[in-house]
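A.B. asks: Could you have a look at this structure, given as structure tokens, before my questions?
The values are calculated or read from the model by the stated rules, or taken from the named source; none is laboratory data. Here the structure is a predicted model, which means the values were calculated and not measured. Note: ideal-geometry Cβ built from the backbone for every residue, glycine included; neighbour counts use all protein chains shown. To get the accessible areas, we keep the full protein, side chains included, count just its heavy atoms, and leave off ligands, DNA and RNA. Shrake-Rupley method; radii C 1.70, N 1.55, O 1.52, S 1.80 Å.
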Number of protein chains: 2
Amino acid sequence: MTAPGVPWDDRGLLLGDGLFETLRVDRGRPLELAAHLDRLDRGCDALGLPQLGPGRAAAEIARAVAAAGLAETAAAVRITWTSGSGGRGLDRPQPATPRLVCTAAPAPPPQGPAALVTVGVRRNEGSPASRLKTLAYLDNVLARAEARARGADEALMLNNRGDLACASAANLFWIVGDQLFTPAFECGVLDGTVRAIVLARAGEVGLRVHQVRADRSALAPAEAMFLTNSLIGLRPVSHLDGEALGAGSRLADLMAICKPALEPG
Amino acid sequence: MTAPGVPWDDRGLLLGDGLFETLRVDRGRPLELAAHLDRLDRGCDALGLPQLGPGRAAAEIARAVAAAGLAETAAAVRITWTSGSGGRGLDRPQPATPRLVCTAAPAPPPQGPAALVTVGVRRNEGSPASRLKTLAYLDNVLARAEARARGADEALMLNNRGDLACASAANLFWIVGDQLFTPAFECGVLDGTVRAIVLARAGEVGLRVHQVRADRSALAPAEAMFLTNSLIGLRPVSHLDGEALGAGSRLADLMAICKPALEPG
């Protein structure tokens, strides 16, 4: 909470030119830190920015957690890595000198199952940014606001082709029998750290995984749906566009085996 | 140049949740101010933000121009209107308390004709933000960078359907005979202030205007192309994907009648 501000000419502020990561830190221990930093590095490569580096990241996370008085509990840490200060216009100064802002807040309390509605705001499958965690997050803000205005907890976002993509701040999964589905990256989907854990471990509870391009009708036979991100872990979906969904024993099994990695506290 | 910074928890910085306007100010006189503020107001309505208001806008523009020592020359003024500070996550505090940053820089010098290349980054026609001037401008930054890397001045952006949309920081027009074409808003196009002037005045030089949904092949018969924005006015396109384009007498006529409104100095 003691992080400094940024100058008015920061390109993260002016243009959304930068990246971020949000991760859970339990009693000072960052969860899945390597996966978060790897994704940040890939974002830097895509945007043409220097990388943050693991040493500096670890030090800043520890500083932010301590400054917020959260070293003995569960914290949500955000790393913001902007492309730095620049002159007027779109062209970035070369070389770019990124700016780091790292802050910590109390981790959100566990949330109940989510009610989802399909929103009008589409995911931009035609931009590399749709596979990255960038500061240009307004479409997600608008999708969430639309969902809230319609009395739901989260948004189901399609892309411009009509493919299923994701929630406003989570990856999306659904279960049909012993098959587990999630939208493929080409649909405009973030490479979520919990998404990767679920895909890696689903076989242990007898689920076969499929990364697919599928439209809204593919959810009709879904017996269970859930959302994933670093702070909520796996969150079941209770309702989709007003229709109730079950949870299913396989989802409970999957949540049980993933829990130690996601909420060790 | 004396504008303050913004706090680390500004949602414009963290999420691209906000709007901006860039306008030309000639010897202290803002050009097309009403049109810019009207667009900003419409953006506020779409994002659910309070409006800036004309009195505060005029005062801040004057302050920024004076502070930059540009009261006797041509300035480029940027108004940044973020959704203000907020807690962690996508949900905006209610009511939102926007934050204003207004800065001035010397107006860019006149530029020669632009070489365009068609880039891979697509415009998101499925988001209302594609018709607004928002802080989530990273796709445009990526499009411009791709164009620069390929030796061009500007990007020709298509949307996900393959429709012609715009340049990275300008609207797009083309001329075939006595017909003037520009992509329709539904293609994911900003309601540009100079775009509106061109559409309103083209008839005076014998051009019939069409706002269209058209794919890349529609440019094959183009005799001339040009870009528009508040700082460059009308900028001819010299090359498209390596092929030379003419200028044409109608474009010269159009530039002549629009010039007094755009560069009175």
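A.B. asks: Among the residues of the stretch B:200-238, what is the count of those that are farther than 24 Å from B:ARG161 by Cα and open to solvent by 70 Å² or more (accessible area, probe 1.4 Å)?
C.D. replies: Adding up the residues that qualify gives 5.
A.B. asks: Conditions: (1) open to solvent by 10 Å² or more (accessible area, probe 1.4 Å); (2) at the interface with chain A (Cβ under 10 Å from one of its Cβ atoms); (3) closer than 29 Å to A:ALA165 by Cα. B:PRO93 meets all but one. Number of the miss?
C.D. replies: All conditions pass for B:PRO93, except number (2).
A.B. asks: Hey, another quick one. Go through the stretch A:108-129 and count every residue that is more than 8 Å from chain B (Cβ to nearest Cβ) and either in a strand (DSSP E or B) or at pLDDT below 95 (or both).
C.D. replies: Looking only at that region, the number is 9.
A.B. asks: Okay, next question. Anything in the stretch A:48-66 that is in a loop (DSSP other than H, G, I, E, B) and buried (at least 17 other Cβ atoms within 10 Å of the Cβ)? List them, or say none.
C.D. replies: A:LEU49, A:LEU52
A.B. asks: Given the criteria charged (D, E, K, R), in contact with a Phe, Trp or Tyr (Cβ under 7 Å, 6 or more places away or on another chain) and within 28 Å of B:ASP41 (Cβ to Cβ), does B:ASP163 qualify?
C.D. replies: Taking the combined requirement at face value, the residue does not satisfy it.
A.B. asks: What number of residues within the stretch B:193-228 satisfy the criterion of being closer than 15 Å to B:LYS259 by Cβ and part of a strand (DSSP E or B)?
C.D. replies: Residues in the stretch B:193-228 being closer than 15 Å to B:LYS259 by Cβ and part of a strand (DSSP E or B): 2 in total.
A.B. asks: Sticking with this structure for a sec: If a residue must be touching a residue at least 24 places away in the same chain (Cβ under 8 Å), at the interface with chain B (Cβ under 7 Å from one of its Cβ atoms) and not hydrophobic (A, V, I, L, M, F, W, C), how many such residues does the stretch A:130-158 contain?
C.D. replies: Selection size over the stretch A:130-158: 4.
A.B. asks: Filter the stretch A:2-47 down to the residues that are surrounded by fewer than 16 Cβ atoms within 10 Å (Cβ to Cβ) and on the phi > 0 side of the Ramachandran plot and list them by number.
C.D. replies: A:ARG27, A:GLY28
A.B. asks: Same structure, new question: For residues in the stretch A:130-169 being in a helix (DSSP H, G or I) and farther than 20 Å from B:TYR137 by Cα, which is farthest from the chain's Cα centre (by Cα)?
C.D. replies: So in the stretch A:130-169, the residues in a helix (DSSP H, G or I) come out as A:130-131, A:138-149.
If we keep only those that are farther than 20 Å from B:TYR137 by Cα too, we end up with A:146-149.
Working: A:GLU146: 19, A:ALA147: 17, A:ARG148: 18, A:ALA149: 22 Å.
In this case the residue turns out to be A:ALA149.
A.B. asks: Which of the following residues is open to solvent by 20 Å² or more (accessible area, probe 1.4 Å) and either without any contact (Cβ under 8 Å) to a residue 60 or more places away in the chain or not small (Gly, Ala, Ser) (or both): A:ARG195, A:ARG161? Outline the logic, then answer.
C.D. replies: Numbers: A:ARG195 fails: open to solvent by 20 Å² or more (accessible area, probe 1.4 Å).
None of the others qualify; the one that does is A:ARG161.
A.B. asks: Related question: Could you check how many residues of the stretch B:178-192 are in contact with a Lys or Arg (Cβ under 9 Å, 6 or more places away or on another chain) and open to solvent by 10 Å² or more (accessible area, probe 1.4 Å)?
C.D. replies: Final tally of qualifying residues: 7.
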